[in-house]
Each structure stands twice: as C-alpha cells, then as structure tokens.
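Step one of this worksheet: look at the structure below.
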Amino acid sequence: MRLAERWDRWKRRRFGQYRVEDPRPIAESAPYTFFLPSENELLAVAPGDLVKLTLVGLPGGHNYEAERMWVTVTGVADDDLTGALENEPFELHQLRIGDSIRFNRFQIIDIIWSQDRTQAPPSAPPHKEYWDRCLVDRCVVDEGVPVYYLYREEPDISEPEDKYPDSGWRIRGDYRGLSDEALEAWDQEYIALGKVLNSDDSWLHLIEAPIGSTYIRNTDTGEFIACDGE
C-alpha cells in the first residue's frame, strides 16, 4: 500500500466522526442574512438533486470546525435521505469525495435541482435581502444594545470594487448616560444592513427613507421620531 493511502486511512480512523448540523437555530437568529429552502422545496427533494449541508467534524479542523458542502441525493425514505459527497473537504479529514452521507430534509440549506426532473420543482417567493452596507456601533451587533439614533447621509465609504454599496445609513446604539469620551471610544463596523437587522429590526420600516433622514428613539414608546439631527 502506498504511503499516501496509508496516511489517508490513518486520518480517517483517527478523525472518523462528524455530524450534520441543524441549520434552523441559525436561521432563527439571523433571519435577514441566512435563508433556508421552503417546506415545499424540502419535500420535493429527490434522488439526483444536489443539496448543500453543513458538516461538522468531531473534532473539527485546525481552522474550521464545519464546512458547507454539496451532496448528490441517492436515496430517500420519507424524511431520511442519503447522498454522495461531491466536495473535497478543506480540513475535515473524516470525509472525502464520494462518501455516503445520511441526513434529514430539515438539515438542507440549499438545493440545485437535477436537470433530469420530469416535474418542475416548486419555487419559493424571493427573500428580501439587505446586503448594502452601513456604519454601526459594534455594541449593537455584538452586545445587543438597541438602536437609538440613526441618520442617512450621502454614501461615501464604498469602493468601486465592493460587491455591495454603502447605503448611507449611520446607526448608533443607546448612548444615553455615556460621557463624550466613552462614546468616542465605541468601535464601529462597516457591515451589511441585514446583520444590524438580525440584532434589532425595530427600525426596518425606515430603511427606505431618503438621504438626509434622521431619527431618534422615543424610549417611552419605542417609536422612532424624525428630527433635524443632534
């Protein structure tokens, strides 16, 4: 047996376990940036379709605990499916192309329908996506500090090579009671609007407001009040 084959067999014995992740908690916590197939789409998955799964190594790789990979469905028994792995893992030595994977329909995160299907697959209504960028206090996203003050200015941060443009939104967390020095020390992030909405979507109804708009939260009612800025 060649040395490479012996090394591969040793790795697979040593790191032979994995699990298929349940994506539903992630979708629930990030509804504006992580979208799953609809129930009708999941029910329509059949042999020959390509599905994407999140496979978690036990233990994980050096840099990655999990990898999202494509699997060709080969068998279906109600909600229990089997398939053949189509990707070469980067670090999960438990797996290699062609391995048989068992999974449940609810674990599917994406689908590519087989071109050999005799019946057109169901289609889901498109998701409203919020990938344009904004500048936001990091504490809003990382610590759950509620949005308090926001305004929209002429976009001036994006670069020509950026995939998604600057929306112009500038979003501040609740800074009441902070000194000027403490507020100045807050870190900001330039991220997708959807990531802010995942943490606090109470201002979603304002997201199409024109440039020049400014709002502050009424902490008694929770409503955002248009203002001239501070």
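This table checks each residue for (1) hydrophobic (A, V, I, L, M, F, W, C); (2) within 22 Å of the chain's Cα centre (by Cα).
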residue: Arg68; (1), (2): no, yes
residue: Val71; (1), (2): yes, yes
residue: Gly83; (1), (2): no, no
residue: Asn87; (1), (2): no, yes
residue: Leu95; (1), (2): yes, no
residue: Arg102; (1), (2): no, no
residue: Ile109; (1), (2): yes, yes
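Pairs needed: first member in region 120-138, assigned by TED's automatic domain parsing to the domain that holds Ala46; second member anywhere, modelled with pLDDT under 90 and surrounded by 18 or more Cβ atoms within 10 Å (Cβ to Cβ); C-beta distance under 7 Å; at least 6 residues apart or different chains.
Final answer for the pair search is none.
What are the pairs, 6+ residues apart or on separate chains, where a residue within region 31-54 that is in the same structural domain as Ala77 (by TED's automatic domain parsing) and more than 16 Å from Val76 (Cα to Cα) has its Cβ under 6 Å from a residue that is acidic (Asp, Glu) and in a loop (DSSP other than H, G, I, E, B)?
Filtered contacts from region 31-54: Thr54/Glu21.
Here's the yes/no breakdown for (1) out of contact with any His (no Cβ under 6 Å at 6 or more places or on another chain); (2) in a loop (DSSP other than H, G, I, E, B); (3) under 25 Å from Asp22 (Cβ atoms); (4) not charged (D, E, K, R):
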{"site": "Thr72", "(1), (2), (3), (4)": "yes, no, yes, yes"}
{"site": "Ala84", "(1), (2), (3), (4)": "yes, no, yes, yes"}
{"site": "Leu95", "(1), (2), (3), (4)": "yes, yes, yes, yes"}
{"site": "Pro122", "(1), (2), (3), (4)": "yes, yes, yes, yes"}
{"site": "Cys134", "(1), (2), (3), (4)": "yes, no, no, yes"}
{"site": "Tyr151", "(1), (2), (3), (4)": "yes, no, no, yes"}
{"site": "Ile157", "(1), (2), (3), (4)": "yes, yes, no, yes"}
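Mind checking whether some residue in region 142-164 is surrounded by 19 or more Cβ atoms within 10 Å (Cβ to Cβ), outside the structural domain of Ala27 (by TED's automatic domain parsing), free of Cβ contacts under 8 Å to residues at least 60 places away in the same chain and closer than 27 Å to Asp110 by Cβ?
Kept after step one, since they are surrounded by 19 or more Cβ atoms within 10 Å (Cβ to Cβ), are these residues of region 142-164: 147-152.
Next, from what is left, pick out any that are outside the structural domain of Ala27 (by TED's automatic domain parsing): 147-152.
Retained after the next criterion (residues that are free of Cβ contacts under 8 Å to residues at least 60 places away in the same chain): none.
Within region 142-164, none of the residues are surrounded by 19 or more Cβ atoms within 10 Å (Cβ to Cβ), outside the structural domain of Ala27 (by TED's automatic domain parsing), free of Cβ contacts under 8 Å to residues at least 60 places away in the same chain and closer than 27 Å to Asp110 by Cβ.
Please state which one of Ser167, Ser158, Ser213 is out of contact with any Ser or Thr (no Cβ under 6 Å at 6 or more places or on another chain), of a type in the set (S, T, N, Q) and within 25 Å of Ser29 (Cβ to Cβ). Talk me through it step by step, then tell me what you get.
Numbers: Ser158 fails: within 25 Å of Ser29 (Cβ to Cβ); Ser213 fails: within 25 Å of Ser29 (Cβ to Cβ).
Only one candidate qualifies: Ser167.
I need the full set of residues from region 38-64 which are under 16 Å from Asn87 (Cα atoms) and either among the polar types (S, T, N, Q) or surrounded by fewer than 15 Cβ atoms within 10 Å (Cβ to Cβ) (or both), in order please.
Those that are under 16 Å from Asn87 (Cα atoms) and either among the polar types (S, T, N, Q) or surrounded by fewer than 15 Cβ atoms within 10 Å (Cβ to Cβ) (or both): Gly48, Thr54, Tyr64.
The values are calculated or read from the model by the stated rules, or taken from the named source; none is laboratory data. The structure presented is a predicted model; accordingly, all values stated were derived computationally and were not measured. Every residue, glycine among them, receives a Cβ derived from its backbone with ideal geometry; neighbour counts consider all protein chains shown.
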